[in-house]
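These notes concern the structure reproduced below.
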Amino acid sequence: MITLALSKGRIFDETLPLLARAGIEVLEDPDTSRKLILPTNRADVRVVLVRATDVPTYVEYGGADLGVTGLDTLLENRAQWSSAGAGSGLYQPLDLGIARCRVSVAVRADFDYAAAVRQGSRLKVATKYTAIAREFFAAKGVHVDLIKLYGSMELAPLTGLADAIVDLVSTGNTLKANDLVEVERIMDISSRLVVNQAALKLKREALRPLIDAFAQATASQSAEPRP
Ligand code: AMP
């Protein structure tokens, strides 16, 4: 049995066409089913639904053989995965090029971020990406007080909780709807295929064709014009 870990939402939705090109069809809709283990048209492949931040954990410890996770999740929790033992149990063979977005700094439209940075002000930054934010501002030489949040980051500058946020931006519509502006682009993000290293050895014959099919599906998808 091959177990693929996915999170609901964009990653699940954008992984489905790649699976389809690999001949795999998920037989239940996670939005209507309450099941956490979804069967596929292949008796030897199943999908498990986990929180986005749990996908690398499932794969690292063998609860799933492979999974799809954002680069943001991988980078933010790098310390956690690499502390799991000698090296990491995570093999990262492919950039799937899906769920593309960016990690950016955003502020209220009336906040002069450039001046604050120039003057060496201490910034209050709210984010769920504290590791990524810490590294970014340290490299810039900007002093920050990081405030860890788990959701609705956009609210922080509007309520005075923070001067800035570090969050995922895709179309920019959410920022615009909340009168926020993107002032720095920290990094581009896409989703990655991650594979359990032990599974790659023990289930090589079953996993390799699947990884190759993902690679081919990714290549042919990126060759098509974007909608
Ligand atoms: P947008 O309005 O299109 O810029 O999307 C921004 C909102 O969607 C923010 O709340 C982000 O946290 C979330 N978001 C954007 N892209 C992604 C992604 N690839 N994965 C998960 N959440 C995302």
Going through (1) farther than 15 Å from Val195 by Cα; (2) over 20 Å from the mean Cα position of the chain (by Cα) one by one, Leu19 fails only at (2)
Among the helices (runs of 4 or more DSSP H) confined wholly to region 32-140, which include 3 or more residues that are among the aliphatic types (A, V, I, L, M)? 71-76, 113-118, 130-140
Go through (1) in contact with a Lys or Arg (Cβ under 6 Å, 6 or more places away or on another chain); (2) within 15 Å of the ligand (Cβ to nearest atom) one by one and return the number of the condition Ala177 breaks. (1)
What's the number of the only condition in (1) open to solvent by less than 60 Å² (accessible area, probe 1.4 Å); (2) part of a strand (DSSP E or B); (3) away from the ligand (no atom under 16 Å from the Cβ) that Asp145 fails to meet? (1)
Would a scan of region 87-94 turn up a residue that is touching a helix residue (DSSP H, G or I) at 6+ places or on another chain (Cβ under 6 Å), more than 16 Å from the ligand (Cβ to nearest atom) and either polar (S, T, N, Q) or without any contact (Cβ under 8 Å) to a residue 40 or more places away in the chain (or both)? yes
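Going by the conditions given, is Leu161 among the hydrophobic types (A, V, I, L, M, F, W, C), more than 22 Å from the chain's Cα centre (by Cα), open to solvent by 20 Å² or more (accessible area, probe 1.4 Å) and modelled with pLDDT of 95 or more?
Values: among the hydrophobic types (A, V, I, L, M, F, W, C): yes; more than 22 Å from the chain's Cα centre (by Cα): yes; open to solvent by 20 Å² or more (accessible area, probe 1.4 Å): yes; modelled with pLDDT of 95 or more: yes.
It is true that Leu161 is among the hydrophobic types (A, V, I, L, M, F, W, C), more than 22 Å from the chain's Cα centre (by Cα), open to solvent by 20 Å² or more (accessible area, probe 1.4 Å) and modelled with pLDDT of 95 or more.
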Only unsatisfied item for Asp29, checking (1) surrounded by fewer than 19 Cβ atoms within 10 Å (Cβ to Cβ); (2) under 26 Å from Glu205 (Cα atoms), is (2)
Arg100 is checked against (1) crowded, with 19+ Cβ neighbours inside 10 Å; (2) touching a strand residue (DSSP E or B) at 6+ places or on another chain (Cβ under 8 Å); (3) under 26 Å from Asp13 (Cβ atoms) and fails just one. What number does that condition carry? (1)
Could you say whether any residue in region 4-17 is buried (at least 19 other Cβ atoms within 10 Å of the Cβ) and assigned to a loop (DSSP other than H, G, I, E, B)? yes
Residues of region 182-212 being of a type in the set (Lys, Arg) and either without any contact (Cβ under 8 Å) to a residue 24 or more places away in the chain or touching a helix residue (DSSP H, G or I) at 6+ places or on another chain (Cβ under 8 Å) (or both), in sequence order, are Arg192, Lys201, Arg204, Arg208
Determine, yes or no, whether Leu207 is crowded, with 16+ Cβ neighbours inside 10 Å and more than 8 Å from the ligand (Cβ to nearest atom). yes
Identify the single condition in (1) in contact with a Pro (Cβ under 9 Å, 6 or more places away or on another chain); (2) under 19 Å from Val107 (Cβ atoms); (3) surrounded by fewer than 20 Cβ atoms within 10 Å (Cβ to Cβ) that Lys140 does not satisfy, given that it satisfies every other one. (1)
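The values are calculated or read from the model by the stated rules, or taken from the named source; none is laboratory data. Everything numeric here is computed off the predicted structure, so don't read it as measured data. Positions of Cβ are generated from backbone atoms using ideal geometry, with glycine treated the same way; all protein chains shown enter the neighbour counts. Ligands, DNA and RNA are excluded from the accessible area calculation, which covers all protein heavy atoms including side chains. Shrake-Rupley method; radii C 1.70, N 1.55, O 1.52, S 1.80 Å.
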